[in-house]
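The structure appears below as C-alpha cells.
The numbers here are math on the coordinates, done by the rules we state, and not lab data. Being a predicted model, the structure only gives us computed values, none of them experimental. Quick reminder, even Gly has a Cβ in these numbers, built from the backbone with ideal geometry, and neighbours come from all protein chains shown.
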C-alpha cells in the first residue's frame, strides 16, 4: 500500500485551482481505497483477537490450575483472559489498526472539506474576488500569517483583574 501524507494532500494551492480540481477525484479515490483497506484490517484484527480470546477461554476451562484459578466463574475467566500476554498483544494490534482506520475516516471527511473549499474558491474567483488594480493577494502567506498569529495568541495568558 502506498504511503499517504494527510497534511500535504489536504493543502490547496490557490494559484492552481484547475490543477487542484483535476487531482481531487484521484486523491479521493486513493483515500477511499485506504479507508476500505483499513476497515478490512480492523475486521481481520478483531477476528484474530476473538480467536485468541476463545483459545484462552478453552485453555482456562480445561486446566484452571495452570492459571492459578481456584473457583471457575465467568468473571474470573474474563479477568484472566485480559491479563494474558497473547491477548494483550493482539488487543494492542487491534487498537492500533482501529486508530489507523479512524484516521483514514477523518482524512475522507477532510477531503470532503477540501472539495467544499475548492468550490468556494472557484466561486470567489468567478466573482472577480481576486481581480483588481492592486497586486493580487498571496493567500498562502496570509493564511500562514493568520495561523502563526493564532498559535502565538494561544500562548498568551489572559489575566483579568478582580474588582
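Key figures
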quantity	calculated
The stretch 76-119 residues near the modelled residue 140 label - backbone nitrogen below 17 Å, point 7 Å along Cα→Cβ	118
Fewest-first ranking of 74, 41, using other Cβ atoms within 10 Å as the exposure measure	74, 41
Tail fraction, Cα-Cα pairs, the stretch 6-133, threshold 20 Å, whole percent	62 percent
Linear extension gain, residue 58 paired with residue 11, 0.36 nm per residue minus alpha-carbon span	11.7 nm
Taking 34, 125 and counting other C-beta atoms within 10 Å, the order from fewest to most	125, 34
Mean Cα-pair separation over length for the chain, i.e. relative contact order, pairs under 8 Å, 6 or more apart, %	33 percent
Distance between modelled label sites at residue 103 and residue 115, nm, 7 Å Cα→Cβ extension	2.3 nm
Estimated distance in nm for a label pair at residue 127 and residue 92, the labels positioned 7 Å out from Cα along Cα-to-Cβ	5.4 nm
Stretch gain in nm, segment residue 154-residue 68, where the contour uses 0.36 nm per residue and the Cα spacing is subtracted	25.6 nm
Residues 6, 31, 87, sorted so that the one with the fewest Cβ neighbours within 10 Å comes first	6, 87, 31
